[in-house]
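The values are calculated or read from the model by the stated rules, or taken from the named source; none is laboratory data. No experiment lies behind these values; they were computed from the predicted model shown. Please note: Cβ atoms are built from the backbone with ideal geometry, for glycine as well, and neighbour counts cover all protein chains shown.
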């Protein structure tokens with residue numbers, strides 16, 4: 001959970017909300033095929049519950065003193081400019097999160113964990 005206070009009181013935002021918000025923003029970017037597992041816990045969960053889709057797959061969010069720290073693990077289309085795709089994702093995620101929550105995004109790390117041929 002992300003906790004903060006504003007002029008109206010204490011606010012708590014769940015990780016599931018962030019995962020859905022960020023996952024939808026990333027998926028809508030050009031060149032992104034899907035999200036990869038960010039750790040072995042997610043890999044094991046996906047293995048045991050085959051066929052289920054998890055909203056937090058490939059997304060990590062934590063609150064730090066300089067703002068939100070967001071970690072993304074993605075799979076992209078083979079043959080496209082990786083730098084351009086990552087830059088597009090960074091801008092889109094930052095804009096989406098700041099508009100939806102009002103929180104400042106401090107840092108976004110994008111890890112390209114795989115590539116797939118366009119189908």
Among the residues that make up the range 84-104, is at least one of them outside any helix (DSSP H, G or I), modelled with pLDDT under 95 and surrounded by 12 or more Cβ atoms within 10 Å (Cβ to Cβ)? yes
Search the range 66-83 for residues being assigned to a loop (DSSP other than H, G, I, E, B) and in contact with a strand residue (DSSP E or B) (Cβ under 6 Å, 6 or more places away or on another chain), and hand back the single one that is farthest from residue 5 (Cα to Cα). 78
Could you list, in sequence order, the residues of the range 16-65 that are in a loop (DSSP other than H, G, I, E, B), at pLDDT 70 or above and within 25 Å of residue 80 (Cα to Cα)? 28, 29, 30, 31, 36, 57, 58
Looking only at the range 84-97, filter to residues that are touching a strand residue (DSSP E or B) at 6+ places or on another chain (Cβ under 6 Å) and without any contact (Cβ under 8 Å) to a residue 60 or more places away in the chain; which one of those is farthest from residue 18 (Cα to Cα)? 85
Surrounded by fewer than 18 Cβ atoms within 10 Å (Cβ to Cβ), modelled with pLDDT under 85 and part of a strand (DSSP E or B), is that true of residue 11? yes
